[in-house]
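Beneath this line is the structure, given in structure tokens, with notes to follow.
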Amino acid sequence: MISQANKADIAQLTLLVNSAYRGETSRKGWTTEADLFEGKRMSETILQQMMDAPQAVVYKYEAEGTIIGCVYLKNEGDDVYLGMLTVSPDVQAKGIGRQLLSFSEAAAKQWGAIRIYMKVIDVRTELINWYLRHGYEDTKQRIPFKGDGADVPKQPIYFTVLQKQL
């Protein structure tokens, strides 16, 4: 079930995001960034700031009382930014990411957006290809990674900007 996350969910969401992208647990899934970065992907402080941002919301996917997925959306008028699409490594490849993506696109349409966009690490070709298969287009825009100090890249990192017309 997908619903809006709240402050009581921050600790569990932070653990989920870090387990899906960093460290040894992330290697169980296909979304790992463990070979690209040192450090954590998310902190409770940063997640709190994301949730407090104007026109932003984090949605969680719960099954049997456990948060196993999430996504961050920020309404920017004609555009909605999609970030932090996360599924627990234990349940990846079961359609949860696709459900969160469809939910996000529907929410963006309800907000009146005409586009949804995201930034994906450019060397994550398997992830970029997944989004391309779901109707996203490569804008050819590349943005250098600027971390928050919690995550340190092991190589120069750039984001590829993908977007989808709604």
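The numbers here are math on the coordinates, done by the rules we state, and not lab data. None of these values were measured; they are calculated from a predicted model. In this analysis, Cβ positions are derived from the backbone assuming ideal geometry, glycine residues included, and neighbour counts consider all displayed protein chains.
Do you know the relative contact order of the chain, to the nearest whole percent, from alpha carbon pairs under 8 angstrom that are 6+ apart?
Numbers: 302 pairs, mean separation 36.3, N = 166.
This gives 22 percent for the chain.
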Ellipticity estimate at 222 nm from DSSP helix runs (n ≥ 4, -39,500 (n - 2.57)) divided over the chain, nearest 500:
-8500 deg cm²/dmol
Assigning unit charges at the beta carbon (Lys, Arg +1; Asp, Glu -1) and nothing else, what dipole magnitude in debye, to the nearest 20, does the chain show about its Cα centre?
260
What spacing in nm lies between the two simple spin-label points modelled at Asp78 and Gln155, each 7 Å away from Cα in the Cβ direction?
3.6
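Looking at region 55-146, which trypsin sites (Lys or Arg not before Pro) are DSSP coil and have at most 10 other C-beta atoms within 10 Å of their C-beta?
Details: sites: Lys60, Lys74, Lys94, Arg98, Lys109, Arg115, Lys119, Arg124, Arg133, Lys140, Arg142, Lys146; in loops: Lys94, Arg124, Lys146.
Hits after loop and neighbour filter: Lys146.
Among Thr160, Thr86, Thr125, what is the fewest-to-most ranking by other Cβ atoms within 10 Å? Write down the numbers at each step before the final one.
Details: Thr160 21, Thr86 29, Thr125 12.
Ranking Thr160, Thr86, Thr125 by Cβ neighbours within 10 Å, fewest first, gives Thr125, Thr160, Thr86.
Could you tell me which of rounded, prolate or oblate describes the chain, using a ≥ b ≥ c as the square roots of the eigenvalues of the alpha-carbon gyration tensor, with rounded for a/c under 1.5 and, failing that, prolate when a/b is larger than b/c and oblate otherwise?
Details: a/c = 1.31, a/b = 1.06, b/c = 1.24.
Judged from the Cα gyration tensor, the chain comes out rounded (a/c under 1.5).
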Quick check on region 2-165: of the DSSP beta bridges with both residues there, what percent are antiparallel, nearest 5%?
90
Listing Val91, Val80 by rising number of other beta-carbon atoms within 10 angstrom, fewest first, gives Val91, Val80
Comparing Gln110, Gln99, Gln48 in a Gaussian network model of the chain (Cα, 10 Å), the one with the largest mean-square fluctuation is Gln110
